Amino acid sequence: MRALVIKHVRREGPGTLGAFLAGRGVDLDIREMEGGDPLPVHLDGCGLLIVMGGPMNVDEEAAFPFLSGEIELIQEAIERDVPMLGICLGSQLLCKAAGGRVTANAAKEIGWYDVDLTPEGRRDPLFEGLPGTFPVFQWHADTFSIPVGGVNLAASPACAHQALRVGRRAYGLQFHVEVDEPTIREWIEAGEDELAFLSPAVTSDEILREVPVRAPGLRAVAAVIYENFRQILS
């Protein structure tokens, strides 16, 4: 199987998800938007679409023209029932492609959080085998609505929409499970200035101190989601 992976910026790659898929024979066609790679016009020959995160907003199409092409590819995936997984910005692009809205969230979430599965999420095959509440890593200021035909699968106290499904096999995760410890450290060290805007304010040291404690739980959650998604592909 060939997977089209859209990567917006260097430090937000497919991470442990990419390693999982490659280890199971999936050919990753990674397009680097920051590097100027072109997007395909159609998903012909692709059995999977993955859209990663990034610092841009879904409505900044004038500054980042590739966003328009991504939305068209996501719409094609929905229409053709091509499995799709969007992470962070990717989940917001899925929302927009399906006719929903992306707006500023009431609070910015950066660092370690728990998310809660909704009743629909508890029944969804993507989260089968996970507890009702599980740990994730977050880095977002915006949130997506649930478009017509979409289902809200997870929530947190600060953000009511943490995961969605559109149709049968198009999923979006507002949170991150694909990051490993070095990536988390890189993000925190690069984005330390943003932490001052959290309420209450959090320091990079506070988040980094939790890495050894929280990262094993994140890896366990990711392993379950990845295996469930592999089953959804078949």
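Only the coordinates and a few stated rules stand behind these numbers; no lab work does. Keep in mind it's a predicted model, so treat the numbers as computed, not measured. Backbone-built Cβ (ideal geometry, glycine too); neighbour counts: all protein chains shown.
Some notes on this structure:
- Flag for GLU128 being touching a Cys at 6+ places or on another chain (Cβ under 7 Å) and not aromatic (Phe, Trp, Tyr): no
- In the stretch 1-76, counting only strands (runs of 3 or more DSSP E) that sit wholly within it, the ones holding 3 or more residues that are over 14 Å from the mean Cα position of the chain (by Cα) span 2-7, 27-32.
- Unique match (being in contact (Cβ under 8 Å) with a residue 12 or more places away in the chain, surrounded by fewer than 18 Cβ atoms within 10 Å (Cβ to Cβ), in a helix (DSSP H, G or I) and basic (Lys, Arg)) among ARG230, ARG214: ARG230
- For the stretch 1-48, the set of residues classified as touching a residue at least 12 places away in the same chain (Cβ under 8 Å), more than 28 Å from GLY217 (Cβ to Cβ) and among the charged types (D, E, K, R) consists of ARG2, ASP27, ASP29, ARG31, GLU32, GLU34, listed by residue number.
- If you go through the stretch 58-82 and keep only what is among the polar types (S, T, N, Q) and in contact with a helix residue (DSSP H, G or I) (Cβ under 8 Å, 6 or more places away or on another chain), you end up with just GLN75.
- MET52 of a type in the set (A, V, I, L, M, F, W, C), in contact with a Cys (Cβ under 8 Å, 6 or more places away or on another chain), surrounded by 16 or more Cβ atoms within 10 Å (Cβ to Cβ) and closer than 24 Å to THR183 by Cβ: yes
- Residue in the stretch 91-105 that is aliphatic (A, V, I, L, M) and surrounded by fewer than 23 Cβ atoms within 10 Å (Cβ to Cβ) present: yes
- With respect to being more than 24 Å from CYS95 (Cβ to Cβ) and touching a Phe, Trp or Tyr at 6+ places or on another chain (Cβ under 7 Å), ILE184 fits the description.
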